[in-house]
Amino acid sequence: MPKIVFIVAGERRAFDVDLPSLPYQHHGLPGSLLDVALNVGVSIEHACGGHSACTTCHVIVRAGAANLSELEDAEADRLDAAWEVTPHSRLACQAVVKGDVECEIPAYSRNYVQEGGGIRSGKVSGTSVPEP
């Protein structure tokens, strides 16, 4: 039974998941990190409903990348629009789990920024943020 670890706000949440018996949540591909997260009660933003049409479910795989489906060209193209993309970035809706995986859910997403979740044009909650 694979162990899936989600890191949310620095907190590790680990789950032993019986993938074949997991009910499909109809968000993302069946057995994807997004599907698993929804089944175990971990919240991952997915503004497009898990159809690989946005980047709000961007996660960073910290361990077990070989235990995920391969990165397809369409997913790689979509990731180009995500914030703070790393070589270990994936869209949770497209990354299908095959074994033990550990991933981090970034503190914010492109959707959060675009829709005014507190960060706008170099400002956080009305306070100016210095340019890097």
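What follows is calculated from the coordinates using simple rules that are stated; it is not laboratory data. Just so it is clear, the structure is predicted and the values come from calculations on it, not from any experiment. When we count neighbours, we look across all protein chains shown, and the Cβ atoms used for this are built from the backbone with ideal geometry, even at glycine.
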Problem - FRET efficiency, Arg13 to Asp73 (Cβ-Cβ, R0 30 Å, nearest 0.05) - result: 0.45
Exercise for the section: Scan the stretch 49-114 for GluC sites (Glu not before Pro) in coil per DSSP, keeping those whose Cβ has at most 15 other Cβ atoms within 10 Å, and list them by number. Expected result: Glu70, Glu72, Glu84
